[in-house]
Amino acid sequence: MQDRGFTHLRVASGYSARYGASLPSALVQRAAERGMTTLALTDRDTVAGTVRFATAAAAAGIRPVFGVDVAVAPLASPDPAGRPRTPVRGGAHVIEPPLRITLLAQNAAGWARLCRLVSAAHAEADGVAPVVSWPALRAYADRDLVVLLGPASEPVRALSAGRPDVAEQLLAPWRELAGERLRLEAVYLGRQGTGAGSLRLAARTVGLADQLGVGTVLTNGVRYADPGQHRLADVLDAARLLRPVDRRRLDGGERWLKDPGGMAAAAERIAQAVGDDPARAALLLAETEATGQSCALTPADLGLGRPHFPEPSVVGAGPERGAAMRLLRQRCEAGMVARGLDRDERAVRQLDYELDVIGRLGRGFEAYFLAVAQVVADTRALGIRVAARGSGAGSMVNHALFIATANPLEHHLLFERFLSERRTSLPDIDLDVESERRLEVYDAIIERFGRERTAVTGMPETYRARHALRDCGLALGIPPQVVGDVAKSFPHIRAKDIRGALAELPELRKLAAQAGKFGPLWELAEGLDALPRGYAMHPCGVILSNVSLLDRLPVQPTPAGYSMVQADKEDVEDLGLLKLDVLGVRMQSAMAHAVAEIQRATGKALDLDNPDHVSLDDPRAFELIQRSDTVGLFQLESPGQQDLVGRLQPRHMQDVIADISLFRPGPVSGGMPALFIAARHGAAPRYAHPDLEPILSDTYGVVIWHEQIIAILARMTGCDRAAGDVARRALADPDRLPRVEAWFRRTAGERGYAKEVLDEVWETVASFGAYGFCRAHAVAFAVPALQSAVLKARFPAFLYAGLLEHDPGMWPRRVIVADARRHGVPVLPVDVNHSRARHSVEQTEQGWAVRLAFSTVKGITDAEAARLAAGQPYAGLQDLWQRARPSLPLAQRLIRIGALGPLAGDLTRRDLMLQATELHRQSRARAASDGQLPLGGELVTAAPSGLPEMTSRDKLGAELETLSIDVTHHLMEHHHRLLRELGATDAAHLRGMIPGQKVLVAGVRASTQTPPIPSGKRVIFCTLEDGSGLVDIAFFEDSHEACAHTVFHSGLLLVRGTVEARGPRRTVVGEMAWDLDEVAAARRDHGPQAALDLLGRTSPAPTPAQPATAQRTLADGTAGARLHPYADLQPAGTRSADLRRLGHRSQGSAG
């Protein structure tokens, strides 16, 4: 019996969020290892794991069966239950639908019905767990679906209660619905009694099925691949139900993917319990196998491997054959005329070539281009800024259709990098739109193509270290505050690296010393690694398909009201669905806001995309870039980019394109920036062979882009560029790399290239081609980068208003405010008579200034901001209270930050706080009458109370707490005296220091990063902002023992280090770091000498010593180097200073 195999028909994977404990690939692998040839996947309420399951099954030689486990409504409405009591120990009651069944698709029609049924359940759920209604069952489950009724179904639950008569009655509607496709499910998990998984219930199920002539199958209700994973199932149950593990309802350890022998033994036990027929076990196994074989749905039936574009009629083409291609050619030719390229022979020839390739590809690619062009046109019609990025910018067709802006011939872009007859993957066009209006673009797409063809892409939210620790802590009953502190101590790493991080990271040594008291927390949390914990809407993916979309994938509504397919971005590409990435770019919104403010304040209509309005060769813009004055510039504002542009000194757009491309892991690991900069400043470029000079001359012999790799392979081997792109893609696959190398050496050698040339070129190609950068991407990025630079150079106040409104970059708002002040742009505080709902620009004696918006105030709603702006001007607090109707907390926040300004008269802010409290009390007292407040002197608090005004520290604390911006004066001003005593240097004077000098620097932590570097070491890069500028600091591994915890968890830092020159800039290599607040407290409480003594310590870190561990590195597929395992991860703590922790409030404050 063991040799015959076994088909598990009810199997939940990790895509059953917080239920299944193994991913589909692991289940398939175990099935193959245990001798099974067929396996089903039946996740709960979703088919999100289907594509991964089908792919893994094909690779392992397993025949897949596709299904779903769904909750169903009872036949009779249950009695209304009372409101559940709140748990004594806190938390919440999670009530799951009690009744569940399993559906298996027999063919393509069955899969379409299954998809429609799941979609209907989610559509009716309205924010709660989806339940399939009986009308939906009758509409979709009446054919082509096998229906399995297991222990969680209504009839079998009646059997469990000892009521076979009721079970027979409840079974009648199911028999009427499914007929011969109905199966009862026997499950034996070694449990006692008559409940689910018990031998007695399994025997009763088989007995009832035999009595009524209904088929029976044997399943194991699989939740995990291996028996040792049963504790993870308990943890997932606790996480799903929001309660600690219930010792009375443990999993039991039997629901693993048992081998055929184990399932045969279970069948024999059930058969013995049913009666004396020795053949009953074999019959049960045979029925199970026959049921699996009846499900003949194949991966091809799902649509895998075939594109499914919108029908030509949807994009304006006629129904006749070839109409879409004719329409595409007509629109391209019209676009060439509009762009003035119709007489450019090279451009026309390139267009003809691309159209020929598209025509030969067939499969509806014409509709793809027409659909994307329609989306771009509709977006522009809404007045939304839109720009194409990605390899699609290398297509003349896209340029002619006004999808892409840049002329691909001018920038040496290759169509083959985007599309060719040799490519199997779908082409990819990304659209950058204003982030604030991204959903308007979604709405326009849906309106244009219809809901039957459109949906948004799903995105699994998988367990990483922090979530895994929190959920495991909940399951183990660890207090939430304790496990929350533990989780926040970890950087943003994968769950599987938790114990490694405890052993290796200096900032976790204190926690590692206490690790034993948390028991199995670490092991359990690692076991959750990569399991989906939920499904969310992808931030940019929109699906465009034909009308068969909803027959191939279920959809579920998102909180925003969009239909989301149950598949992630990789899955939809495998399914041949057109995924259009509509990326909401905050810089686009910031620039749109700046342009709108320019028109409002000056009357000037500025078109950023019109070269007559904005020149991308503006010398003032390049002066900013050459000075590394790039805070607020798209793609150029990070500390690493400031360093690179300072050394590169870009002079034109091509330099910026190269700069953006060089600032990537691949080029950096190969030392390309240094070679490029040297050649850029006069060093002689070097070429491995003269044939490569035409390809590499514009980058001084340095390979930067994918397009160059393609061209090198084509030139040296004689292949076409399409084949060159296929070879470039193969460089990322270690299994294919040797074959590519052999092909390159053989064909290039036959064309006369010497071995030395082949060795040198192959070293470059192999180490760079798989992870380089696409030139079309860089061109698309360079345009908004230079547009933002022009705005900062010519209209700085307006750009700063846009940056503050949309927060587009890596810097917190307070750094933007400080940068504005350094550029002579005043930043005006929130004022109830002058601020608007959005950040605005005002004319002052010092020139154009930025006025902070009401939206900056913590906790304010859009409605409150609109009322405040609509009621301006106000005569006083009473007037504002009556007409703007703010809540008491909002009024108090406005008062504390001084937003009432001159309206206060002789009253202090504390007086106004008392007055607001009295107004609030009167409002509540009079709410029963007309709700009106009489104007006049009826307030007890109308006169000054004698309370002193808030101190400057109180005011600063209020600003930091309410606005997260130090508006009236810089946060560091309170420490200037201390820093002078200590001999610290500010950012402005650091520029004049000599490399090698020892220095003390201090400031507010503005950014913290641990990016990957080729050496495989972990370097902490930290940027401090001190009011005079930014100071970049690098902490190498020898300083981490003393500094890491302080750097990650302190908002104000004092750092000792050595000055280093990076082009015209000066940076600091950090050696020691102190929390500046602690140093200031020592100075305040014990005098200047105490602060100096504190700085004299050599190891102030609060982490105990631990034996050194061997350096571990990981292979990084993106950078092509050995990297530190905790590089390129968001570290623990906050990326920039948590300003709320730095605020100060007097103990005597009336607030």
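The values are calculated or read from the model by the stated rules, or taken from the named source; none is laboratory data. Values in this document were obtained by computation on a predicted structure and should not be read as measured data. Cβ sites come from the backbone with ideal geometry, for glycine too, and all protein chains shown count toward neighbours.
A few points about this structure:
- Looking at Val47, Val68, just one residue is within 17 Å of Asp301 (Cβ to Cβ), assigned to a loop (DSSP other than H, G, I, E, B), at pLDDT 95 or above and in the same structural domain as Tyr188 (by TED's automatic domain parsing), and that residue is Val47.
- For Ala1006: the one exception among (1) out of contact with any Phe, Trp or Tyr (no Cβ under 9 Å at 6 or more places or on another chain); (2) at pLDDT below 95; (3) outside any loop (DSSP other than H, G, I, E, B); (4) not assigned by TED's automatic domain parsing to the domain that holds Ile897: (1)
- The lone exception for Ala468 - which of (1) outside the structural domain of Ala560 (by TED's automatic domain parsing); (2) out of contact with any strand residue (DSSP E or B) (no Cβ under 9 Å at 6 or more places or on another chain); (3) buried (at least 22 other Cβ atoms within 10 Å of the Cβ) it fails: (2)
- The numbered conditions (1) in contact with a helix residue (DSSP H, G or I) (Cβ under 6 Å, 6 or more places away or on another chain); (2) touching a residue at least 60 places away in the same chain (Cβ under 8 Å) are all true for Ile498 except (2).
- Tally, over region 471-496, of residues that are surrounded by 17 or more Cβ atoms within 10 Å (Cβ to Cβ), in a helix (DSSP H, G or I) and under 20 Å from the mean Cα position of the chain (by Cα): 3
- Sub-7 Å Cβ pairs linking a first residue in region 675-696 that is outside the structural domain of Ala754 (by TED's automatic domain parsing) to a second residue that is surrounded by fewer than 20 Cβ atoms within 10 Å (Cβ to Cβ) and in a helix (DSSP H, G or I), at least 6 apart or interchain, number zero.
- When the test is whether a residue is assigned to a helix (DSSP H, G or I), buried (at least 23 other Cβ atoms within 10 Å of the Cβ) and not assigned by TED's automatic domain parsing to the domain that holds Pro1012, Val656 passes it.
- Filtering region 391-425 to residues that are part of a loop (DSSP other than H, G, I, E, B), under 30 Å from the mean Cα position of the chain (by Cα) and aliphatic (A, V, I, L, M) leaves Ile403, Ala404, Ala406, Leu413, Leu414, Leu419.
- Region 191-211 - residue that is buried (at least 19 other Cβ atoms within 10 Å of the Cβ) and aliphatic (A, V, I, L, M) and, of those, farthest from Ala172 (Cα to Cα): Leu199
- Against the numbered list (1) at pLDDT 90 or above; (2) at positive phi, Ile1020 comes up short only at (2).
- Only listed residue being crowded, with 17+ Cβ neighbours inside 10 Å and of a type in the set (A, V, I, L, M, F, W, C), chosen from Leu731, Leu737: Leu731
- Failed item, numbered, when Ala225 is tested on (1) surrounded by 22 or more Cβ atoms within 10 Å (Cβ to Cβ); (2) in contact with a His (Cβ under 8 Å, 6 or more places away or on another chain): (2)
- As a summary of the residue check, Arg775 satisfies the conditions (1) at pLDDT 95 or above; (2) in contact with a Phe, Trp or Tyr (Cβ under 7 Å, 6 or more places away or on another chain); (3) crowded, with 22+ Cβ neighbours inside 10 Å except for the one numbered (1).
- Among (1) under 17 Å from Ala987 (Cβ atoms); (2) touching a helix residue (DSSP H, G or I) at 6+ places or on another chain (Cβ under 6 Å); (3) of a type outside the set (Gly, Ala, Ser); (4) surrounded by fewer than 20 Cβ atoms within 10 Å (Cβ to Cβ), the one test that Arg627 misses: (2)
- In region 500-550, the qualifying residues are those that are of a type in the set (Phe, Trp, Tyr) and over 23 Å from Ala48 (Cβ atoms), and the one that is surrounded by the most Cβ atoms within 10 Å (Cβ to Cβ) is Trp522.
- Residue among Ile598, Ile625 that is part of a helix (DSSP H, G or I), farther than 25 Å from Phe768 by Cβ and touching an Asp or Glu at 6+ places or on another chain (Cβ under 9 Å): Ile625
- In region 551-572, the residues that are outside any strand (DSSP E or B) and either more than 18 Å from Ala54 (Cβ to Cβ) or within 20 Å of the chain's Cα centre (by Cα) (or both): Thr558, Pro559, Ala560, Gly561, Tyr562, Gln566, Ala567, Asp568, Lys569, Glu570, Asp571, Val572
- Remark: pairs (first residue in region 266-293, within 19 Å of Gly221 (Cα to Cα); second residue charged (D, E, K, R) and in a helix (DSSP H, G or I); Cβ separation under 7 Å; 6+ apart in sequence or on different chains) = Ala271/Arg280; Ala281/Glu268.
- Residues of region 945-971 that are at negative phi, polar (S, T, N, Q) and in a loop (DSSP other than H, G, I, E, B): Ser945, Thr951, Thr968.
- Filter pass, Gly640 being surrounded by fewer than 18 Cβ atoms within 10 Å (Cβ to Cβ) and within 21 Å of Asp819 (Cβ to Cβ): yes
- The set of residues in region 439-479 that are touching a Lys or Arg at 6+ places or on another chain (Cβ under 6 Å) and under 16 Å from Ala560 (Cα atoms) contains only Thr457.
- Matching entry among Val1047, Val1059, Val1055, Val1068 (being part of a helix (DSSP H, G or I), at pLDDT 90 or above and surrounded by 15 or more Cβ atoms within 10 Å (Cβ to Cβ)): Val1047
- Pairs linking a residue in region 1063-1091 that is closer than 15 Å to Leu1024 by Cα and touching a residue at least 12 places away in the same chain (Cβ under 8 Å) to a residue that is outside any helix (DSSP H, G or I) and among the β-branched types (Val, Ile, Thr), with Cβ atoms under 6 Å and 6 or more positions apart or on different chains, are Arg1066/Val1059; Val1068/Val1001; Val1068/Ile1033; Val1069/Thr1058; Gly1070/Ile1033; Gly1070/Val1055; Ala1073/Val1055.
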